[in-house]
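The values are calculated or read from the model by the stated rules, or taken from the named source; none is laboratory data. Small disclaimer: the values here were computed from a predicted structure and weren't measured. Methodologically, a virtual Cβ is constructed for each residue, glycine included, from the backbone with ideal geometry; neighbour enumeration extends over all protein chains shown. Surface areas here come from the heavy atoms of the whole protein model, side chains and all, with no ligands, DNA or RNA. Shrake-Rupley method; radii C 1.70, N 1.55, O 1.52, S 1.80 Å.
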Amino acid sequence: MSLSDDGGYGGDGHRGPETGQTRTRLPDSDGDIYGSARRPRAGMSSRNLITIVGVIVLLLAAIAFANRGGSGNSETPSGDSPKDTDQSQPTAPTGTKPVTGKNGGIASGFAKTEQGAQSAAANYAVALTSDGMYQANRRHEIAQAVYAPSVAAARKNDLDKVYSDHAFLGRIGLKPDGTAPKNMTFVSRANPVGTKTESFKGDTAKISVWYSALFGLAGAQSKNPVTESWYTNTFDLQWTGGGWKVTNFTQKDGPAPVGRDQAAASAEDMTKAVQGFGGFTYAR
């Protein structure tokens, strides 16, 4: 709490060296040599007026907020493209129950809607960035679940060329079979921040997913500690076989925020966090 410039809590201006003195005010009388008695102020004080105005403003704002957006469902009707794709869309409940299906360990059963396509893209970004991509059997399951049948076989071959390269695996500190060395924990995890519809029409959609990614080896002797990066993946999706599937996707860096000055976790704490905190199924 700071006192006012006059050495007290307001009052008679700059008082000078009167600190410690007490002023006594005598009862008002007709013969008061200091003048007539103070008259009570008529009307409403400025403080009360400000309070009432503030309450009215808050009430009007609450009414406007309650009436905004109707039901809160921002879903674009099937067959139409969003009128303004630069505006982020709210993640308000849609009334559609969350998906419960699994395909290759990945959520499935998303609705044939714009929001269903966004949810599918977010989950596919997580799957295609996971540590399972570095082991052949799991990689093939992911590719089969994520890609459209027309491109799945070709994509499996492309992925095998990348993730089975011993030189590549050695550079990131993994063994030739894609597993982490002893006493190390391999971390490769995407954390979607949001999705954006680039286009949506009928059986096709183009969805961008912005996410942060954790990548590296957690362990006391790690030469590739876990670091954070930011990317945006744009997925071309097609509705086939009763669900959204990827036909192609591109990746670009960022946008990346300014990093906060925080102390990095120890290798032990990072390992515990990765093993103790599971991922999410993204659906709305």
- Give just the number: which of (1) surrounded by 14 or more Cβ atoms within 10 Å (Cβ to Cβ); (2) assigned to a loop (DSSP other than H, G, I, E, B) does Ala263 not satisfy? (1)
- Message: I need every pair where a residue in region 195-209 that is on the phi > 0 side of the Ramachandran plot has its Cβ under 8 Å from the Cβ of a residue that is open to solvent by 10 Å² or more (accessible area, probe 1.4 Å), sequence separation at least 6 or different chains.
- Response: Gly202/Ser78; Gly202/Gly79; Gly202/Trp239
- Query: Just one of the numbered conditions (1) part of a loop (DSSP other than H, G, I, E, B); (2) under 24 Å from the mean Cα position of the chain (by Cα); (3) surrounded by fewer than 22 Cβ atoms within 10 Å (Cβ to Cβ); (4) hydrophobic (A, V, I, L, M, F, W, C) is not true of Phe110; which one?
  - Reply: (3)
- Can you tell me how many residues in region 213-227 are touching a residue at least 24 places away in the same chain (Cβ under 8 Å) and assigned to a strand (DSSP E or B)? 6
- Message: Regarding region 121-139, can at least one residue be identified that is modelled with pLDDT under 95, open to solvent by less than 20 Å² (accessible area, probe 1.4 Å), assigned to a loop (DSSP other than H, G, I, E, B) and not basic (Lys, Arg)?
- Response: no
- Out of (1) farther than 20 Å from Gly105 by Cβ; (2) without any contact (Cβ under 8 Å) to a residue 40 or more places away in the chain, the one Thr271 does not meet is (2)
- Query: What pairs come up if the first residue lies in region 120-146 and is aromatic (Phe, Trp, Tyr), the second is open to solvent by 20 Å² or more (accessible area, probe 1.4 Å) and assigned to a helix (DSSP H, G or I), and their beta carbons are under 6 Å apart, counting only those six or more places apart or on different chains?
  - Reply: Tyr134/Tyr163
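Yes or no, residue by residue, for (1) assigned to a strand (DSSP E or B); (2) open to solvent by less than 70 Å² (accessible area, probe 1.4 Å):
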site: Lys196; (1), (2): yes, no
site: Phe200; (1), (2): yes, yes
site: Ile207; (1), (2): yes, yes
site: Tyr211; (1), (2): yes, yes
site: Asn233; (1), (2): yes, yes
site: Asp236; (1), (2): yes, yes
site: Val246; (1), (2): yes, yes
site: Pro255; (1), (2): no, no
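Give region 176-193 a look and list any residue that's open to solvent by 30 Å² or more (accessible area, probe 1.4 Å) and either under 18 Å from Tyr124 (Cα atoms) or part of a strand (DSSP E or B) (or both), or say none. Before the answer, list the steps.
Looking only at region 176-193, we keep the residues that are open to solvent by 30 Å² or more (accessible area, probe 1.4 Å), and these are 176-177, 179, 181-184, 189, 191, 193.
If the condition is that a residue be open to solvent by 30 Å² or more (accessible area, probe 1.4 Å) and either under 18 Å from Tyr124 (Cα atoms) or part of a strand (DSSP E or B) (or both), then Arg189, Asn191, Val193 are the ones that fit.
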